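**Student:** Pasting a structure below so you can have a look.
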Amino acid sequence: KAGVTQTPRYLIKTRGQQVTLSCSPISGHRSVSWYQQTPGQGLQFLFEYFSETQRNKGNFPGRFSGRQFSNSRSEMNVSTLELGDSALYLCASSSPSPDEKLFFGSGTQLSVL
Amino acid sequence: EDKVVQSPLSLVVHEGDTVTLNCSYEVTNFRSLLWYKQEKKAPTFLFMLTSSGIEKKSGRLSSILDKKELFSILNITATQTGDSAVYLCAVNSGAQKLVFGQGTRLTINP
């Protein structure tokens with residue numbers, strides 16, 4: 001079974017640009033969640049989607065948005081990039097309840113210059 | 001505010017030693033506690049704990065949860081250099097929202 005796939009692996013952008021990251025969950029998983037990992041703040045929850053609906057959202061500004069498609073693939077968008085958005089963005093998928101283990105992809109390393 | 005605290009933040013031991021990593025939590029809604037190992041990028045799943053007092057075991061790794069005292073421990077026996085990694089503890093507080101601790105950086109010296 002293929003794992004969680006994130007593309008691209010690396011991205012370099014400049015301030016003010018926007019970026020779109022992609023995540024393909026494990027086959028059969030309908031929940032996809034996104035996390036930001038930085039050395040200072042650790043792993044922080046961005047949002048979670050299930051059946052194309054956002055069920056939960058973390059404390060990030062509106063510049064961070066996402067969506068999920070009918071095949072459970074998800075995208076995350078960050079607009080008007082700031083230097084502080086430089087981070088590893090991780091996507092996780094999980095199987096339906098009660099086995100709610102989350103499995104992570106390898107992430108997208110975003111550098112904002 | 002939901003909070004997960006891990007200790008120690010960093011640990012250096014010799015190969016063959018046994019280590020215990022700690023995780024305490026304060027969350028308004030608890031569904032499960034998960035342990036992950038992060039070596040480079042992708043955190044890899046180790047254990048999910050939902051019930052108190054039941055030890056989960058996988059090879060040299062084991063973990064247990066105490067829901068009364070709000071903590072969990074991860075034990076690694078007979079450590080090997082390949083165990084060197086950051087170990088992350090997280091609590092699932094609902095709708096797959098994980099609240100993570102800061103992680104414990106474990107270094108195993110040969």
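**Student:** Tell me, which residue of the stretch B:78-110 that is in contact with an Asp or Glu (Cβ under 9 Å, 6 or more places away or on another chain) and within 13 Å of chain A (Cβ to nearest Cβ) is surrounded by the most Cβ atoms within 10 Å (Cβ to Cβ)?
**Tutor:** So the residue we want is B:Val91.
**Student:** Right, here's the next one. Among the residues of the stretch A:4-59 satisfying the criterion of being hydroxyl-bearing (Ser, Thr, Tyr) and in contact with a Gly (Cβ under 7 Å, 6 or more places away or on another chain), which is surrounded by the fewest Cβ atoms within 10 Å (Cβ to Cβ)?
**Tutor:** A:Thr5
**Student:** For the stretch B:18-49, which positions are loosely packed, with under 15 Cβ neighbours inside 10 Å and over 19 Å from A:Leu90 (Cα atoms)?
**Tutor:** Within the stretch B:18-49, B:Thr18, B:Thr20, B:Glu26, B:Thr28, B:Asn29 meet the criteria.
**Student:** Taking the stretch B:64-105 on its own, how many of its residues are among the acidic types (Asp, Glu) and within 30 Å of A:Tyr49 (Cβ to Cβ)?
**Tutor:** So the count comes out to 0.
**Student:** Looking at the structure I just gave you, is A:Asn77 among the polar types (S, T, N, Q), in contact with a strand residue (DSSP E or B) (Cβ under 6 Å, 6 or more places away or on another chain), at pLDDT below 95 and in a strand (DSSP E or B)?
**Tutor:** So A:Asn77 does not fit the description; no.
**Student:** Can you pull out the residues in the stretch B:58-77 that are of a type in the set (A, V, I, L, M, F, W, C) and either closer than 17 Å to B:Thr44 by Cβ or within 11 Å of chain A (Cβ to nearest Cβ) (or both)?
**Tutor:** B:Leu61, B:Leu74, B:Ile76
**Student:** Ok, one more. Free of Cβ contacts under 8 Å to residues at least 40 places away in the same chain and either away from every other protein chain (no Cβ under 14 Å) or over 13 Å from the mean Cα position of the chain (by Cα) (or both): is that true of A:Pro96 in this structure?
**Tutor:** Judged against the criteria, A:Pro96 is not a match.
The values are calculated or read from the model by the stated rules, or taken from the named source; none is laboratory data. Note that the structure is a prediction, hence the values are computed from the model and not measured. Note that we place each Cβ from the backbone using ideal geometry, even for glycine, and neighbour counts take in every protein chain shown.
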